[in-house]
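The values are calculated or read from the model by the stated rules, or taken from the named source; none is laboratory data. Since the model is a prediction, treat every value here as computed from it, not as a measurement. Note that we place each Cβ from the backbone using ideal geometry, even for glycine, and neighbour counts take in every protein chain shown.
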Amino acid sequence: MANLDVRLPIQLKIKRKIEKIDYFLEKYKSVKECCDICPHRCRVNRSKSAGKCGEPWVTRISSYNIHHGEEPPVSGICGSGTIFFTGCNMKCSYCQNFPISQLRQAHRDTTTDELAGIMLNLQGRKAHNINFVTPNHYLYQIVEALKTAYSLGLNIPLVYNSSGFDRADVIADLDGIIDIYLPDAKYYSPDISEKYSCTRNYFEENSRTLLEMYSQTGDELETDCDGIALKGLIIRHLVLPGNIENTLQILEWICGNLSNRVHISLMGQYFPAHKISSDNLPELNRRINGEEYDRILEFAEKLGFENAWFQEI
């Protein structure tokens with residue numbers, strides 16, 4: 001099982017994390033009554049009603065388990081300890097995970113102590129990391145649970161696995177708490193992000209978020225002797241059929257503003273789901289084809305990306 005950082009004694013690493021956690025909890029203690037933790041800044045009192053994420057203050061999870069479907073350094077040999085939170089601050093018409101994020105099915109209300117216990121359960125099952133999936137609208141509660149979990153022996157890396165629609169200044173306050181960032185980079189065009197996900201300002205917020213994450217990690221993906229990720233950044237992009245130019249623009253932005261050495265995952269696994277038919281989006285009512293994906297891979301190679309994962313189409 002990997003330690004949090006091979007360069008620091010584990011107890012010192014945890015002590016520093018707890019100091020960061022205390023700072024975070026003090027700074028964001030008002031979000032329960034006036035939630036502005038994500039870019040929507042809807043300022044809803046979530047103890048009384050749901051925010052734009054569709055969720056009240058009580059932490060709701062859909063499931064938690066050992067997951068082997070992440071990128072190889074994250075899943076590794078034993079798997080990633082994933083915790084799937086219900087709700088989402090985006091409304092993607094094609095959401096590949098819509099029963100959890102949009103319909104909020106099979107949720108269970110979870111206390112801070114229970115969430116800490118789930119983390120320790122996953123660690124006890126030999127997970128390489130704790131992987132928070134769609135966490136930003138429950139970020140305060142997660143950080144609060146982390147303080148308890150560390151006091152009870154949590155000592156594996158933390159993965160922040162998000163849509164990439166985050167507040168960069170909030171991400172800055174996670175520096176020293178989160179070890180591995182696994183964000184999406186979905187859109188370059190405001191028109192496309194508004195059409196498909198009702199978030200016209202996606203790229204504006206996402207680009208700031210990626211820059212902040214990159215400032216914390218750089219190009220390097222730190223791994224242990226088995227190739228399991230300890231710290232770093234992996235940027236994911238789901239290729240959408242009929243929107244290849246959007247993908248090329250994102251790759252060009254990453255190369256020009258971050259680096260062509262940053263780790264990227266170009267996912268070709270899209271399938272029509274959720275509201276594609278009802279929202280009248282015929283261009284998305286198919287899978288991507290080999291010609292589209294090959295064009296993307298050729299462009300990534302042309303830009304000189306050195307660390308990338310691809311999928312079979």
For helices (runs of 4 or more DSSP H) lying entirely in the range 17-130, having 1 or more residues that are of a type outside the set (Gly, Ala, Ser) and closer than 22 Å to Ser151 by Cβ picks out 112-124
Residue hits (the range 210-234; at negative phi and touching a Phe, Trp or Tyr at 6+ places or on another chain (Cβ under 8 Å)) are Met213, Gln216, Thr217, Leu233, Ile234
Only one of (1) out of contact with any Cys (no Cβ under 9 Å at 6 or more places or on another chain); (2) under 29 Å from Gln102 (Cα atoms); (3) in contact (Cβ under 8 Å) with a residue 24 or more places away in the chain does not apply to Arg167, and that is (1)
When the range 33-51 is checked residue by residue, the ones that are more than 18 Å from the chain's Cα centre (by Cα) and either closer than 30 Å to Asn121 by Cβ or among the basic types (Lys, Arg) (or both) are Cys35, Arg41, Arg43, Arg46, Ser47, Lys48, Ala50, Gly51
* Asked: What about Asn161, is it in a helix (DSSP H, G or I) and either under 17 Å from Tyr64 (Cβ atoms) or of a type outside the set (Ser, Thr, Tyr) (or both)?
  -> no
> Being surrounded by 14 or more Cβ atoms within 10 Å (Cβ to Cβ), at negative phi, touching an Asp or Glu at 6+ places or on another chain (Cβ under 7 Å) and in contact (Cβ under 8 Å) with a residue 24 or more places away in the chain, is that true of even one residue in the range 240-257?
Replying inline: yes
Filtering the range 151-182 down to residues that are within 15 Å of His137 (Cβ to Cβ) and of a type outside the set (Val, Ile, Thr) yields Tyr160, Asn161, Ser162, Ser163, Gly164, Phe165, Asp166, Arg167, Leu174
Scanning the range 131-161 residue by residue, the ones that are over 12 Å from Ile83 (Cα atoms) and within 9 Å of the chain's Cα centre (by Cα) total 1
Of the listed residues (Ser75, Ser80, Ser62), the one being more than 30 Å from Asp224 (Cα to Cα), of a type in the set (Gly, Ala, Ser) and under 20 Å from the mean Cα position of the chain (by Cα) is Ser62
Hey, does the range 207-222 have a residue that's among the hydrophobic types (A, V, I, L, M, F, W, C), surrounded by fewer than 17 Cβ atoms within 10 Å (Cβ to Cβ) and either more than 21 Å from Ile177 (Cβ to Cβ) or touching a residue at least 40 places away in the same chain (Cβ under 8 Å) (or both)? yes
Check whether at least one residue in the range 57-73 is charged (D, E, K, R) and under 17 Å from Tyr140 (Cβ atoms), and report yes or no.
-> yes
Taking the range 64-100 and keeping only residues that are among the small types (Gly, Ala, Ser), touching a His at 6+ places or on another chain (Cβ under 9 Å) and free of Cβ contacts under 8 Å to residues at least 60 places away in the same chain, one is left with Ser75, Gly79, Gly87
If we scan the range 42-54, do we find a residue that is touching a helix residue (DSSP H, G or I) at 6+ places or on another chain (Cβ under 6 Å) and modelled with pLDDT of 95 or more?
no
_Could you go through the range 269-278 and let me know if any residue there is buried (at least 20 other Cβ atoms within 10 Å of the Cβ) and of a type in the set (A, V, I, L, M)._
no
Checked Leu146, Leu152 against criteria (at negative phi, aliphatic (A, V, I, L, M) and buried (at least 21 other Cβ atoms within 10 Å of the Cβ)); the one match is Leu146
Do we have Met119 as surrounded by 18 or more Cβ atoms within 10 Å (Cβ to Cβ), without any contact (Cβ under 8 Å) to a residue 40 or more places away in the chain and in contact with a helix residue (DSSP H, G or I) (Cβ under 9 Å, 6 or more places away or on another chain) here?
yes
